[in-house]
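One structure coming up, written as structure tokens, with questions to follow.
Read the figures in this text as sums done on the coordinates, not as results from a lab. The shown structure was predicted, so the numbers you read here are calculated from the model rather than taken from an experiment. Glycine also receives a Cβ, built like all others from the backbone with ideal geometry; neighbour counts cover every protein chain displayed.
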Amino acid sequence: MSTESTTIERKMRKERVGTVTSSSMNKSITVTVERKEKHAKYGKFLKKTSKFMVHDEADTCNVGDTVRIMETRPLSKRKCWRVVEVVERAK
């Protein structure tokens, strides 16, 4: 067997950058991700937001921090993202 056939190729995991909106839970935070989408008919750009439950193993993130999150296996019912890094601390 060659090494190419024995290694399992993993898909690229999704990454997002967002703002921490809640950090009152143990090892969990809520991150809000904003994106802009163009309206189909009128062409105006609209802000759309998504909220994610994120695993924060070190429990270091605070409200207002900008963080990079990555998709992972399900850790609980609503939590399948984890913190990769803190991009910017809240001022």
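What is the extension gain from residue 17 to residue 51, computed as 0.36 nm multiplied by their sequence separation minus the C-alpha to C-alpha distance, in nm to one decimal?
Extra length available between residue 17 and residue 51 comes to 11.1 nm.
Where does the chain land on Rg(C-alpha)/(2.2 N^0.38 Å)? Could you put the intermediate results ahead of the total?
Details: Rg = 16.8 Å, N = 91, 2.2 N^0.38 = 12.2 Å.
For the chain, the normalised Cα radius of gyration comes out at 1.37.
Also, quick follow-up: For the stretch 16-31, what does the Karplus curve 6.51 cos²θ - 1.76 cosθ + 1.60, with θ = phi - 60°, yield as ³J(HN,Hα) per residue in whole Hz, taken in order and with x for Gly and Pro?
9, 10, x, 10, 6, 10, 8, 9, 7, 8, 7, 6, 9, 9, 10, 10
Past 20 Å, Cα to Cα: identify those pairs from 11/51; 38/79; 11/47; 48/91; 51/79; 14/79, in the order given. Walk me through the intermediate numbers first.
On the way: 11/51 23 Å; 38/79 29 Å; 11/47 29 Å; 48/91 25 Å; 51/79 11 Å; 14/79 14 Å.
Long pairs (Cα-Cα over 20 Å): 11/51; 38/79; 11/47; 48/91.
State, to one decimal in nm, how far the label point of residue 76 lies from the label point of residue 34, with both points 7 Å from Cα in the Cβ direction.
2.7
Relative contact order of the chain, please, whole-number percent, based on alpha carbon pairs below 8 angstrom and at least 6 residues apart.
Details: 180 pairs, mean separation 24.7, N = 91.
Reported relative contact order: 27 percent.
For residue 63 and residue 85 in one chain, what is 0.36 nm times their gap in residues minus the Cα-Cα distance, to one decimal in nm? Present the calculation step by step, with values, prior to reporting the outcome.
Working: separation 22, 0.36 × 22 = 7.92 nm, distance 1.47 nm.
Full-extension gain reported as 6.5 nm.
Under the rule of at least 5 residues apart or a separate chain, name every residue whose amide H is placed under 5 Å from the amide H of residue 28.
Result for residue 28 returns 56.
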